Every structure is written in structure tokens, then in C-alpha cells.
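Here the structure comes first, spelled out in C-alpha cells, and everything after it is commentary.
The values are calculated or read from the model by the stated rules, or taken from the named source; none is laboratory data. Owing to the predicted nature of the structure, the values given are computational and were not obtained by experimental measurement. Because the Cβ atoms are built from the backbone with ideal geometry, glycine has one as well, and the counts that use them run over all protein chains shown. Please note that ligands, DNA and RNA were not included when accessible areas were found on the heavy atoms of the full protein model with its side chains. Shrake-Rupley method; radii C 1.70, N 1.55, O 1.52, S 1.80 Å.
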Amino acid sequence: MAYVHVEQAVKSFPREDGTDMLVLGGVSFDAKERGITCLLGPSGCGKSTLLNVIARLERLDQGYVEIVSNHGESGTRLPQLGYVFQDPRLLNWKRVEENLIFALRGMDVPRRQWDERIHTYLGLVGLLEFRKQYPLYLSGGMRQRVGLARALVIEPDILLMDEPFSKLDQLTARKLREDTLEICARLQQTALLVTHDVEEAAYMGDRIVIFSARPAHIVEVLDNPFSPLERDLDDVRFIQFKKQLLQTVLNLVKEKEEA
Ligand SMILES: Nc1ncnc2c1ncn2[C@@H]1O[C@H](COP(=O)(O)OP(=O)(O)OP(=O)(O)O)[C@@H](O)[C@H]1O
Ligand SMILES: [Mg+2]
């Protein structure tokens, strides 16, 4: 179990002319425990920046991120994070299983557990029979699945995903969304998923956090009325929910333009 709380996150980046560009203008929200929280916002608003802050790859200027997990010995170790990127970022000269071992080694998982872990997580993404293959012999969708298995194999407290389906063709993306949703539900994984796609947020998010344009602040937080396994893309009620979410986002944009 893990819990993420972001409080008044403020972050600027220096521009070339020496001035600062405010990216996160005081962002606060709670992620959903044991579920997927979608960070939905327009391009360039700072979603990846926030994910990188949560992953401890960037620092905030003000505010803080609190991650509490009840794993680990006496609560002393840092919460562990798995990261799935837009591109799978695999080591192409290493076999699929060696890519997972690289992550396990990095997290000091004892060697005796490696085989079982690889079996479990490559199995979950449906790629067990490709464990000896090199990534470049796999399709784009399969490589993205390896990226997901590599993030999950360390059994992270939080799974971070930054637009992981956006470079895939429509049908591959649809299948991978469905499988990722099912895997996260089965593992009761606390996850954050960045997207600028309203339909994706409606389908993937147990909680949907809507960001404004830059400088980002949170304009709305919604909990999905449909449980993961009830989200049927062809169901009339679910289509209605997607439409409502799109309308909410459009209204928020309009309000902003008129302000
Ligand atoms: N390391 C950096 N140095 C300077 N500027 C940066 C840096 N990282 C991000 N930015 C700027 O901060 C802004 C927000 O970037 P970010 O990548 O977080 O947006 P995003 O919401 O993820 O966008 P997208 O949906 O296009 O991925 C952008 O204008 C970007 O150019
Ligand atoms: Mg981004």
C-alpha cells in the first residue's frame, strides 16, 4: 500500500534570456491508493515535470511531495518507484530478461528471487515466451510491454507512467490500455499515469486530476464512477461519462480563455 500527496508544488525553469518560466504554479492533490490516478492536462503544462519530481529526478522550488508506504523494514527505506516512459528505453543489446535483471540488480533484489519475478511479470504482460529475445526483434507494443514488466518487476510502491501509449498505433494502444488496467487492478497497484487524452483518462483513471495550462494548477479532481472492470468502451453509460469529462475539460478551457 502506498500513498502520494502533493502539496503546493511550485517549479520554474530558467529561460535562455535569463528569466524564469513558472511551470508548476502551486499544485496539490492526493493520488488514489491502490488505483490509477490520471494526470490530465494540455501539452507543456508540466505533467512530466511533476512526475519527475515524484520520481526524485527533479526538485521543487516550493511545496513538497509526500510518499508513504508500509513496505520495507521499519519504514526506513525510500519508497520504490517504477517508471514507464513514452519510449520504452530498453537496453537493446540485452535480452528481454536481462533488461528485467538490470532493474532487479539496481534494487538489490536477491538473486534467488529473480527467476520467479521474471516469470511472474513477463507472464503478466504476456511475453514469457520472448524472455530470451532481443528488444529490437519485438514490435513497438511488445517493447512497451517489456517496459511495463521492467517497471513492475521491482514490485514498486508507486508505478509512474508518462504517456506510455501515445506512440503506439490505435489498436495496439487500445489493447495495451486494457491489459495495463487489468494488471494494475489485479496487483492493486498505486499508479500515476500522465496523459493529455481525455478518453484515455476516462478509461484508465480511478481518479482524474485535471491540470490547467501552464503555469499548472489543479482545476478539478474527479473519481471515476466506473470500477476498472466495468469500463466498457462500447457501453452507452460509459460513453456518456467520457462525453461529460470532455465537456468538463472544454468548459474549464473556455472559462480560462474568458477570464
Ligand atoms: N529541464 C528543463 N529545462 C528547461 N525547461 C524545461 C525543462 N523540462 C521541462 N521544461 C519546460 O517546462 C514546460 C513543461 O514541460 P513538461 O515536459 O513537464 O510538460 P508536459 O505537460 O509533460 O507536456 P507534454 O504533454 O507535451 O509532454 C515546457 O515548456 C518545457 O519546455
Ligand atoms: Mg510530458
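Show the residue pairs meeting these rules: Cβ distance below 7 Å; 6+ apart or different chains; first residue within the range 216-244 and touching a residue at least 60 places away in the same chain (Cβ under 8 Å); second residue in a loop (DSSP other than H, G, I, E, B) and of a type in the set (Gly, Ala, Ser).
ALA216/GLY41; ALA216/GLY46
Inside the range 150-255, counting only strands (runs of 3 or more DSSP E) that do not spill past its ends, which hold 3 or more residues that are within 16 Å of ligand 1 (Cβ to nearest atom) and open to solvent by less than 40 Å² (accessible area, probe 1.4 Å)?
Values: elements: 158-162, 190-195, 207-211, 218-223.
Of the strands (runs of 3 or more DSSP E) lying wholly inside the range 150-255, those with at least 3 residues that are within 16 Å of ligand 1 (Cβ to nearest atom) and open to solvent by less than 40 Å² (accessible area, probe 1.4 Å) span 158-162, 190-195, 207-211.
Right, GLU220: of a type in the set (Asp, Glu) and within 21 Å of the chain's Cα centre (by Cα) or not? Before the answer, list the steps.
Values: of a type in the set (Asp, Glu): yes; within 21 Å of the chain's Cα centre (by Cα): yes.
It is true that GLU220 is of a type in the set (Asp, Glu) and within 21 Å of the chain's Cα centre (by Cα).
Filter the range 176-196 for residues that are within 16 Å of ligand 2 (Cβ to nearest atom) and either among the polar types (S, T, N, Q) or at pLDDT 95 or above (or both) and give the result. Steps first, answer last, please.
Step one: of the range 176-196, the residues within 16 Å of ligand 2 (Cβ to nearest atom) are 192-196.
Residues satisfying the conditions are LEU192, LEU193, VAL194, THR195.
What number of residues within the range 47-57 are crowded, with 17+ Cβ neighbours inside 10 Å and basic (Lys, Arg)?
The qualifying residues number 1.
Could you go through the range 34-41 and let me know if any residue there is under 30 Å from ARG231 (Cβ atoms), out of contact with any strand residue (DSSP E or B) (no Cβ under 8 Å at 6 or more places or on another chain), within 13 Å of ligand 2 (Cβ to nearest atom) and not hydrophobic (A, V, I, L, M, F, W, C). Step through it out loud before you land on a result.
Residues of the range 34-41 under 30 Å from ARG231 (Cβ atoms): 34-41.
Subsequent filtering for residues that are out of contact with any strand residue (DSSP E or B) (no Cβ under 8 Å at 6 or more places or on another chain) retains none.
Scanning the range 34-41, I find no residue that is under 30 Å from ARG231 (Cβ atoms), out of contact with any strand residue (DSSP E or B) (no Cβ under 8 Å at 6 or more places or on another chain), within 13 Å of ligand 2 (Cβ to nearest atom) and not hydrophobic (A, V, I, L, M, F, W, C), so the answer is no.
Only residues that are open to solvent by 50 Å² or more (accessible area, probe 1.4 Å) and of a type in the set (S, T, N, Q): list them for the range 106-149, please.
Passing the criteria: GLN113, THR120, GLN133, SER139.
Can you name the residue in the range 5-58 that is of a type in the set (Gly, Ala, Ser) and farther than 18 Å from LEU252 by Cβ and is also farthest from ligand 1 (Cβ to nearest atom) among such residues? Explain how you work it out, then say what you get.
Filtering the range 5-58 down to residues of a type in the set (Gly, Ala, Ser) leaves 9, 12, 18, 25-26, 28, 31, 35, 41, 43-44, 46, 48, 55.
Filter again for farther than 18 Å from LEU252 by Cβ, leaving 9, 12, 18, 31, 35, 48, 55.
On the way: ALA9: 12, SER12: 9, GLY18: 13, ALA31: 17, GLY35: 22, SER48: 3, ALA55: 12 Å.
Among residues in the range 5-58 that are of a type in the set (Gly, Ala, Ser) and farther than 18 Å from LEU252 by Cβ, the one farthest from ligand 1 (Cβ to nearest atom) is GLY35.
Matching residues to (1) away from ligand 2 (no atom under 16 Å from the Cβ); (2) in a loop (DSSP other than H, G, I, E, B); (3) surrounded by 13 or more Cβ atoms within 10 Å (Cβ to Cβ):
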site: VAL6; (1), (2), (3): yes, no, yes
site: SER12; (1), (2), (3): yes, no, yes
site: GLY18; (1), (2), (3): yes, yes, no
site: LEU22; (1), (2), (3): yes, no, yes
site: CYS45; (1), (2), (3): no, yes, yes
site: ARG59; (1), (2), (3): yes, yes, no
site: PRO79; (1), (2), (3): yes, yes, yes
site: LEU90; (1), (2), (3): yes, yes, yes
site: ASN99; (1), (2), (3): yes, no, yes
